[in-house]
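The numbers here are math on the coordinates, done by the rules we state, and not lab data. Treat the numbers as computed from the prediction; the structure is a model and nothing was measured. Here the Cβ positions follow ideal geometry from the backbone for every residue, glycine too, while neighbour counts run over all protein chains shown.
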Ligand code: CTP
């Protein structure tokens, strides 16, 4: 497949030392990256480093005949499908805002018709200066997208807003901006992570789940252009770009969030590890040992939580697709088949949690897609991002076979 083409424009700030990492991340994500740098950028980052990671000669001079002979600046501006400016200094933002073309980078930025994604980096006072604020506003009105700056310790010694967004975050934004748009117009709900059922203000019962699989599924859907709502149990994972996240704690809160989103969703993927039981009573104050007889432990009565997947699968489907997960420790495929039948969803993604590799905290997973009527597709141990892509490929195929009439309130009486 032909690689998507990114032009990375680099200006002269200390954050330029992170640009080779950014370029490397982009190349690893499958992009074809070429770099153009300003004269001052070359003082902060070695062109050879960018050349090595991008695999292309770095452009620095508008008037270098050898460089221009290889690909002239207008051809380079046309070549790019997206331009990332990282870091963008206050000076470069000012030159962009007034449309200057006084060096190679600004000339490229003026000549290109590709979307611009700009990652500013500068001293906090320069960022807050009314002149910079005005330039950012002008550029924003022109459709330039900004990523960051982030807050933290700055190289100049100040604390505050001004750090360039982390390369991984920029890669995620680029991926999102240039993803295949096969799910454009679709509304997707993904659940992720485990729920937490409180016993008292300190203690809780939880299900083991890192949330990585669900987050990867949500990120991939957004990358393909879907409007994604991620209903997440407690998780420290960052929200993938372009996603609306609803944080929940308990199974009951997750149920409310999913049912609230259901009417306007077309696809629901339940990757969360929902706790099946919750304490019947939640103590409002911490349960103290001194209130118990010496050496005694309290017993906690449990009640069943609703089965969210079964509940939504029983609703009129109206062209929707509902996908469940099955985390099994033994008898994996048969258990998953029974679960599919019992819950009534369209597809179960089964994984064997007894395997040493993959599963819970891992970045990889070995799953099987279990379809109604028995067919099973077993995948190898793959990165969770790849499992997510494979899952969306299947869902898209299935959507293609369904009428595109979901998205409105399901009418009573409609059948699956
Ligand atoms: N699920 C749910 N609500 C629950 C329990 C599970 O919606 N109360 C969903 C999960 O999100 C997952 C699927 O049902 O998509 C299967 O979850 P799993 O924990 O494997 O199965 P259980 O229904 O809990 O069955 P068991 O624990 O008996 O294997």
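For the chain, take the longest principal axis of its alpha carbons; what is the angle in degrees between that and the long axis of helix 130-141, to the nearest 10 within 0 to 90? It is inclined by approximately 70 degrees. In the chain, helices alone account for a calculated mean residue ellipticity at 222 nm of -9500 deg cm²/dmol, with every DSSP H run of four or more residues adding -39,500 (n - 2.57).
Neighbour counts of C-beta atoms inside 10 Å place 8, 156 in the sequence 156, 8, starting with the fewest. With contacts taken as Cα pairs under 8 Å and at least 6 residues apart, region 215-303 reaches a relative contact order of 20 percent.
In this structure, residue 376 and residue 287 have a Cβ-Cβ separation that, at R0 = 51 Å, corresponds to a calculated FRET efficiency of about 0.65. Beta-bridge orientation, region 5-177: approximately 20 percent antiparallel, per DSSP, counting only bridges with both partners inside. In region 187-400, the DSSP beta bridges split such that about 35 percent are antiparallel, to the nearest 5. Using the Cβ-Cβ distance between residue 78 and residue 39 with R0 set to 25 Å, the FRET efficiency works out to roughly 0.60. The ranking of 24, 223, 355 from fewest to most other beta carbons within 10 Å of each one's beta carbon is 355, 24, 223. Cβ crowding within 10 Å, taken as a proxy for footprinting-reagent exposure, orders 73, 330 from fewest neighbours to most as 330, 73. For a Förster distance of 25 Å, can you work out the FRET efficiency between the beta-carbons of residue 142 and residue 64, rounded to the nearest 0.05? Result of the calculation: an efficiency of 0.30. Relative to the longest principal axis of the Cα atoms of the chain, the long axis of helix 384-400 lies at roughly 80 degrees. Shape of the chain from the C-alpha gyration tensor: prolate (a/c of 1.5 or more and a/b above b/c, with a ≥ b ≥ c the square roots of its eigenvalues). Relative to the longest principal axis of the Cα atoms of the chain, the long axis of helix 212-223 makes an angle of roughly 50 degrees. Peptides 309-317, 387-395 ordered by packing proxy, namely the average of other Cβ atoms within 10 Å per residue, highest first: 387-395, 309-317. If you average the alpha carbon positions of region 68-117 and of region 208-285, how far apart do those two centres end up, in angstrom? Centre-to-centre distance over Cα atoms comes out at 40 Å. With both partners inside the chain, how many of the DSSP beta bridges are antiparallel, as a percent to the nearest 5? Bridges in the chain are about 30 percent antiparallel. When a/c reaches 1.5 or more, the comparison of a/b and b/c decides; with that in mind, is region 150-242 rounded, prolate or oblate per its Cα gyration tensor? Cα axes put region 150-242 in the oblate bin. The share of Cα pairs per 10 Å bin across region 5-177, counted from zero up to the longest distance, runs 11, 43, 37, 9, 0 percent.
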